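The structure appears right after this line, and notes come after that.
The values are calculated or read from the model by the stated rules, or taken from the named source; none is laboratory data. Just so it is clear, the model here is predicted, and its values are computed rather than measured. Reconstructed Cβ throughout: ideal geometry from the backbone, glycine too, with neighbour counts over all protein chains shown.
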Amino acid sequence: MPSQEPPVSPTRIVRVVLGAGTMVFGLIALLVARDDPRFWGAAGALGILWWGWDLVVEHVLRPLSGWAAGVFSGAAGDGSPSPNTRPTLDDTIRLLESHLEGRASRQVVVNAAMRLEEIYRTVKKDPSRARRAIARAKQRFPDAEELERYS
């Protein structure tokens with residue numbers, strides 16, 4: 001599958017210059033100076049450079065740039081989509097519940113309770129679990145001003 005290049009790019013400019021030089025020197029050697037090996041040599045050398053440039057760009061530079069872009073963007077580099085590493089809603093609930101049960105700091109427990117209340121109330125549509133999350137945080141930290149709005 002050929003890659004799409006913009007109309008004007010450095011690689012395209014090099015290809016056009018090398019291709020035009022090959023053809024110009026080839027035509028000069030063919031039409032004007034048949035006995036002069038310098039023109040044949042110049043046409044051949046430019047043709048080899050033209051072919052080599054295409055080979056290097058297509059089989060070395062483009063794959064390396066795709067690999068480097070994958071490394072820096074987090075993609076695997078083999079064309080496959082990146083694995084989904086974002087936590088699911090259930091992962092988030094488990095993490096927040098562990099904050100309520102563990103030895104987390106006051107601020108972490110209060111924030112976890114508020115997030116759990118919001119998740120249980122709005123996403124899971126379970127207001128009793130939402131109230132229990134707030135009650136557990138209030139039980140641990142009854143003086144938490146952030147939890148006063150939940151009653």
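Residue check: F72 meets all listed conditions (1) in a helix (DSSP H, G or I); (2) farther than 30 Å from R12 by Cβ but one, namely (2).
Of all the residues in region 121-135, those that are under 37 Å from the mean Cα position of the chain (by Cα), surrounded by fewer than 15 Cβ atoms within 10 Å (Cβ to Cβ) and in a helix (DSSP H, G or I) number 2.
Considering region 20-60, and only residues there that are among the hydrophobic types (A, V, I, L, M, F, W, C) and touching a residue at least 24 places away in the same chain (Cβ under 8 Å), the residue that is farthest from P10 (Cα to Cα) turns out to be L46.
Restricting E101, E117 to residues that are exposed (fewer than 15 other Cβ atoms within 10 Å of the Cβ) and either of a type in the set (D, E) or at pLDDT 90 or above (or both) narrows the list to E101.
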